[in-house]
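To keep things clear, I will list the structure first and then write my remarks on it.
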Amino acid sequence: MVPHGLSLKKSRLALNEVLRCKAGSLVVFAPVCKSYSAVCQFTHGRNWINPYGNSGYTFVRVGTILGCRTCLLIMVCCWRGLRFLLEQPSGSMLPDLPRMQFLWSTIKAWRVPCYMGKFGGRTPKPHTLWGNDFRMLSALGAVGGTMTRQEQERCVGRTCRTYVDKNGVKRHVGKKKELSESQCLILQWTGTFL
């Protein structure tokens, strides 16, 4: 996992780590999803028309900068002959950033759906993985690409609370503690592609 932060020092460290990797090495990117996830959509304001969202919020600006830096690091990975894996929750707006769209148009990459619950996660938590190693993504998709309703119900944790508002509209509100706990990379998930 490449250390990735907003400071220039952390960005240089991340670039240095990528440059130190030998050809064929795997680099995993998991930028903070708060600024891109569907759970925060009404706050971050990102959509296909306005992929930069409500830039008046610091967390949205920081997310945009991290997304752009992740894009640059992925380009360096491809240039160096490294394998990469980018992880985001399903419905994330990160791949819709203009720089990410440019990236997808210039490199050969695949995406696959994946459920963390299939790898021992406390919550089902659907994710999308992007990468340039088709075999690795196929293996991850074969193990965790689908999850039945019964399998989802066996997962003990829930990352959001569902309620019906006064207008009869079903709403979802993220649970901070559970969302935070679900961020950890699960050993079973990591072991699938190592």
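Is there a residue being closer than 19 Å to Ala38 by Cα and not β-branched (Val, Ile, Thr) anywhere in the stretch 102-113? Looking through the stretch 102-113, at least one residue is closer than 19 Å to Ala38 by Cα and not β-branched (Val, Ile, Thr).
Of all residue pairs spaced 6 or more apart or on separate chains, those with beta-carbon atoms under 6 Å, a first member in the stretch 39-50 that is in contact (Cβ under 8 Å) with a residue 40 or more places away in the chain and within 22 Å of Thr159 (Cα to Cα) and a second member that is β-branched (Val, Ile, Thr) and outside any loop (DSSP other than H, G, I, E, B) are His44/Val60. Residue check: is Leu103 farther than 27 Å from Arg161 by Cα, in contact (Cβ under 8 Å) with a residue 40 or more places away in the chain and among the aliphatic types (A, V, I, L, M)? So Leu103 fails the test. Selection of the stretch 148-174 for residues being part of a loop (DSSP other than H, G, I, E, B), modelled with pLDDT under 75 and not β-branched (Val, Ile, Thr) yields Cys155, Gly157, Arg158. Applying the selection to the stretch 26-71, what residues are among the small types (Gly, Ala, Ser), part of a loop (DSSP other than H, G, I, E, B), modelled with pLDDT of 85 or more and crowded, with 17+ Cβ neighbours inside 10 Å? Scanning the stretch 26-71 gives a single hit, Gly53.
Going by the conditions given, is Leu86 touching a Gly at 6+ places or on another chain (Cβ under 8 Å), at pLDDT 85 or above and either in a helix (DSSP H, G or I) or small (Gly, Ala, Ser) (or both)? In short, no.
Taken over the stretch 60-95, the criterion of being polar (S, T, N, Q) and touching a Cys at 6+ places or on another chain (Cβ under 7 Å) is satisfied by Gln88, Ser92. Please verify whether the stretch 128-142 includes one or more residues that are in contact (Cβ under 8 Å) with a residue 24 or more places away in the chain and farther than 24 Å from Leu86 by Cα. No, the conditions are met nowhere in the stretch 128-142. Summed over the stretch 89-118, residues that are part of a loop (DSSP other than H, G, I, E, B) and of a type in the set (D, E, K, R) total 1.
The values are calculated or read from the model by the stated rules, or taken from the named source; none is laboratory data. Worth saying up front: this structure is predicted, and the values here are computed from it rather than measured. Ideal geometry is used to build each Cβ from the backbone, glycine not excepted, and the neighbour counts take in all protein chains shown.
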